[in-house]
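S.K.: Okay, handing you the structure first.
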Amino acid sequence: MNQTATVTPPAVSAGRLHPFLLALFVGSGCSALIYEIVWFQLLQLVVGSTAVSLGVLLGTFMGGMCLGSLLLPRYVSRDRHPLKVYAILELGIGACGLLILLGVPLVDSLYAAIGGQGTWGLIARALVCVLCLLVPTFLMGATLPAVARWVESTPYGVSWLGFFYGGNIAGAVIGCLLAGFYLLRVFDMSVATFVAAGINAVVAGLAFLLSKFTPHQLSTARYAGQTQDGPSPWPVFVTIGLSGAGALGAEVVWTRLLSLLLGGTVYTFSIILAVFLIGLGLGSTLGATLARRSSNPRTVLGILQALIAVAVLWTSFQLTNGIPYWPVDPDYGVNMGPWLYFQFDLVRCLWGVLPAAVLWGASFPVALAALTSPGRDPGKLVGGVYAANTVGAILGAVAFSVFVVRYYGSQQAEIVLIIIAATAAVTSLSFPFRTISLGRVVLLPATVVLALATAWKVPPTPWQLIAYGRDLPKQIGYNDKCLFVGEGMNSSVAVVYDDKQNTNFYVSGKIEASNTPQDMRLQRMLGHIPALVHPNPKSVLVVGCGAGVTAGSFLVHPSIERVVICEIEPLIPKEVATRFRDENHELMKDKRVQIVSDDARHYMLTATEKFDIITSDPIHPWVKGAATLYTKEYFELVKKRLNPGGLVTQWVPLYQSSPEVVKSELATFFATFPDGSVWGNHNEKSPGDYEGYDTVMLGHVGPIQIDVGALEKRFRRDDEKDVVNSLFEVNFISIDQLLGTYACRAADMTDWLKDAEINHDRNLRLQYLAGLSVNTKAEIPIYNEMRRHRKFPSDLFLVPENKMAIFKGWLGFGPKDD
């Protein structure tokens, strides 16, 4: 469409309100992002954290916004004052936020009764998301079309819509950082919700107040005598829809890559999201300026899409061949602290992602300008463009997270992003045919050539990034060999054979398991300790497959009849456990083993089976989302899944942690299992001098007593030879040595844990504490401090009198006789 550059300013009295409306949209965006973060955390506790569950959550959230943007202009009359409509929407959003906060526990109970695996489980998750999110997101999506009716259908007026959209995104940046770095770190989801609802109330009140100063007639008079003729909107709708698909698809791909590089803490995800939003906001401001000045916004829209293809290539190079090799040693965080390190992360994200995000942000206001014509209802104009962009965003986010990355990997996903951008450019430049100019004829083949050239140059994702993540610069010069690398639906995994002849398993840039002596001891302890303490274990649930060593430890016990492994990433049992077959006793070939592909929280909530033993070896608590497997409410679910006399073991790392983090983990576990104990996977440098590494918490319902004499007799039985050999492989040469890993128990820790913060579902305090401790090296003093408080547990161990002195020596309460 050719558009004259001459514009007529709006009425003065209406124009004076535009800066105030911009400020209101900043507040609206701030509250919306706080809600989004809180609601996703709340509902992931119900529907789970798998890629499918997140896809359902995101699809519902954005689908509601799409419906709101489409339907409000069609069912709310122009005669209603736009500012009053906007105020009512904001009040409705705040009310829904409070209702969701109060109602999710009821939804959780309902879902626990009807949810599960398979098709019905997916339907149930969708129903929960629709029930909780559809109404508030509908109201969110309706806010911009409502206020759009305050401006004129001219390039000047539409440019203000671009500024409003940019202001909304600027507020979203504030909300993202405010929630991620302060409200949820210091307080909890309730306080964050109250703050967001308070912002809604203030915005609504100011909107009502502004509506009193300007009569509604000033806005309705603009439509008098105007026609509804204008260019066909569909080419622009398709273009902006493809742009939305590319933007959200890129966010999925690049968030995965950046989380490898920066570490998957809750702070990392907040920084990445904030950078995307900053780019969109800056781009929207740029696009609003272009919309005001351009005589041919449709051509500008096409050029923006072509430039996005180049920007995707820039980001792909930076995230794989550039930023990972910057000399930013993560160990610097030990001295400079996490907050300065976050600034390095912010700079790296801005350098890699900002150009593409700016161009995507600029596309929205330019698309509005491309459809602007006298007589068009601005509300319907904005609603249509916003809905098309949102539909594309939904398809892009779901397709890339569930399908593209999983089956084709990040490199091919980035090539798809370039193809999408080129297709959007060609669509915008080609239609309608009758208006194609000589300049656009030249631009079309140039765009195709540019897309082919950039797609050809997209670099592959190095396996070293998937394996070593932020430690990649440290690994340069080593002769490690990659045995397997894959990008799954939920995480990326690698198996590496290092130059010390060890096999290591990595998940999303961090080591998760290996066959080194220290790791093998820990994995075997998680299995053998509860299997030996329990008098006759038959069924076991293992949370997290890892290398399969923990699950395989149970297979050598003659009484075990069933082992269920709950693993969120299907690649791990299939590709990783098979590469540790010697260490895990041929786990994947054993008919007693069943693999369940689900996240443990969701499985615990919806399963009905009970077990004699539940053991958990989840990912590090500083990883975003992992804290849900360390909450008091989660441990209560675990307790309900135990048979009478059942036992539970839980891994607690001391490395990359702090005293506050370890205290929180122990105190939360002991709040559910008050008779629990801690067992240390430690190195004894000299008698009484221990180097802590990681620990195992042992919980049980009611008191237990460990009969040391009976276990010694059990070790001499023929049917227990495989158990003895399994322990001997990790240097536990006797039952005394295994039981000698006992460190302390809950009763000993009362004073030490008195100031510990309990990790609840509603605060997930642990992920915020642990996220600040990733670079901390305090495992040795933490372990020694724990042992300093302990007393000999005479009521826990039943020891023959003639052996008591020797046994006390093994536990560190006196000299031991080897």
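S.K.: With a 1.4 Å probe and all protein chains kept in place, how much accessible area does Phe400 have, in Å² rounded to the nearest 10?
M.R.: Its accessible surface works out to 10 Å², give or take rounding.
S.K.: Keeping all protein chains in place and using 1.4 angstrom, which order do Arg592, Arg74, Arg470 fall into by accessible surface area, from largest down? Intermediate values should be presented prior to the final figure.
M.R.: Values: Arg592 65, Arg74 130, Arg470 25 Å².
If we order Arg592, Arg74, Arg470 from most to least accessible, we get Arg74, Arg592, Arg470.
S.K.: Then there is this: From the backbone phi of region 319-325, what are the Karplus-calculated ³J(HN,Hα) couplings (6.51 cos²θ - 1.76 cosθ + 1.60, θ = phi - 60°) in whole Hz, Gly and Pro given as x?
M.R.: Ordered by residue, 3J(HN,Hα) equals 7, 10, 10, x, 4, x, 9 Hz.
S.K.: Can you tell me the length gained on complete extension of the stretch Phe715 to Asp590, counting 0.36 nm per residue apart and subtracting the Cα distance?
M.R.: Computed gain between Phe715 and Asp590 is 42.6 nm.
S.K.: Which pairs in the list Lys589/Lys808; Lys713/Lys777; Lys589/Lys610; Lys474/Lys721 are over 31 Å apart, alpha-carbon to alpha-carbon? List each step's numbers first, then the result.
M.R.: Numbers: Lys589/Lys808 41 Å; Lys713/Lys777 41 Å; Lys589/Lys610 24 Å; Lys474/Lys721 42 Å.
From the list (Lys589/Lys808; Lys713/Lys777; Lys589/Lys610; Lys474/Lys721), the Cα-Cα distance tops 31 Å for Lys589/Lys808; Lys713/Lys777; Lys474/Lys721.
S.K.: With θ set to phi - 60°, apply the Karplus curve 6.51 cos²θ - 1.76 cosθ + 1.60 along region 273-284 and write out the HN-Hα couplings as whole Hz, x wherever there is a Gly or Pro.
M.R.: 4, 4, 5, 4, 5, 4, x, 4, x, 4, x, 4
S.K.: Note down the nm distance, to one decimal, between modelled labels 7 Å out along Cα→Cβ at Leu340 and at Gln737.
M.R.: For the pair Leu340/Gln737, the computed spacing is 4.5 nm.
S.K.: Please list, in order along region 564-578, the HN-Hα scalar couplings obtained from phi with the Karplus expression 6.51 cos²θ - 1.76 cosθ + 1.60 (θ = phi - 60°), rounded to whole Hz, x for Gly and Pro.
M.R.: Values, residue by residue: 9, 10, 9, 10, 6, 10, x, 4, 5, x, 6, 10, 8, 4, 5 Hz.
S.K.: Going by accessible area, probe 1.4 Å, with all protein chains left in place, what is the ranking of Arg745, Arg149, largest first? Don't jump to the answer; show the numbers that get you there.
M.R.: Details: Arg745 50, Arg149 15 Å².
If we order Arg745, Arg149 from most to least accessible, we get Arg745, Arg149.
S.K.: I need to check one value: relative contact order of the chain, counting alpha carbon pairs closer than 8 Å and at least 6 residues apart, in percent. The partial results should precede the final answer.
M.R.: Numbers: 1612 pairs, mean separation 110.7, N = 818.
The normalised contact order for the chain reaches 14 percent.
S.K.: So what's the angle, to the nearest 10 degrees on a 0 to 90 scale, between helix 51-75 and the longest Cα principal axis of the chain?
M.R.: Here the helix axis deviates by roughly 20 degrees.
S.K.: Over the Cα atoms of region 574-613, what is the Rg over Rh ratio if Rh follows Kirkwood? Each step should come with its number before you reach the end.
M.R.: Values: Rg = 12.7 Å, Rh = 12.1 Å.
Rg/Rh: 1.04.
S.K.: Using a 1.4 Å probe and ignoring any ligands, DNA or RNA, find the accessible area of Lys713 and quote it in Å² to the nearest 10.
M.R.: Surface accessible to solvent at Lys713 totals approximately 140 Å².
S.K.: Can you give the percent of C-alpha pairs in region 64-180 whose distance is more than 20 Å?
M.R.: Pairs farther apart than 20 Å: 55 percent.
S.K.: At a 1.4 Å probe radius, which order do Val46, Val449 fall into by accessible area, largest first?
M.R.: Working: Val46 0, Val449 95 Å².
Per-residue accessible area, sorted high to low, gives Val449, Val46.
S.K.: Something else now. Could you compute how much accessible surface Trp622 exposes when probed at 1.4 Å, giving the result in Å² to the nearest 10?
M.R.: Probe radius 1.4 Å; accessible area of Trp622 about 10 Å².
S.K.: I would also like to ask the following. Please list, in chain and number order, the residues 5+ apart from Ala513 or on another chain whose amide H is under 5 Å from its amide H, with Hs placed from the backbone.
M.R.: The list, which skips near neighbours in sequence, is Phe505.
S.K.: Could you rank the peptides 796-806, 537-547 by their average count of other C-beta atoms within 10 Å per residue, with the highest value first? Can you show the working numbers first?
M.R.: Details: 796-806: 13.6, 537-547: 25.7.
Listed from highest to lowest mean packing, they are 537-547, 796-806.
S.K.: Mind jotting down a quarter of the surface of the convex hull over the alpha carbons of the chain, in square nanometres, one decimal? Mind showing how you got there, number by number?
M.R.: Details: hull surface 138.7 nm².
Computing the convex hull of the Cα atoms and averaging its projections yields 34.7 nm².
The values are calculated or read from the model by the stated rules, or taken from the named source; none is laboratory data. Worth saying up front: this structure is predicted, and the values here are computed from it rather than measured. Here Cβ is always computed from backbone atoms with ideal geometry, including for glycine, and neighbour counts include all displayed protein chains. Accessible surface areas use protein heavy atoms only, side chains included; no ligands, DNA or RNA. Shrake-Rupley method; radii C 1.70, N 1.55, O 1.52, S 1.80 Å.
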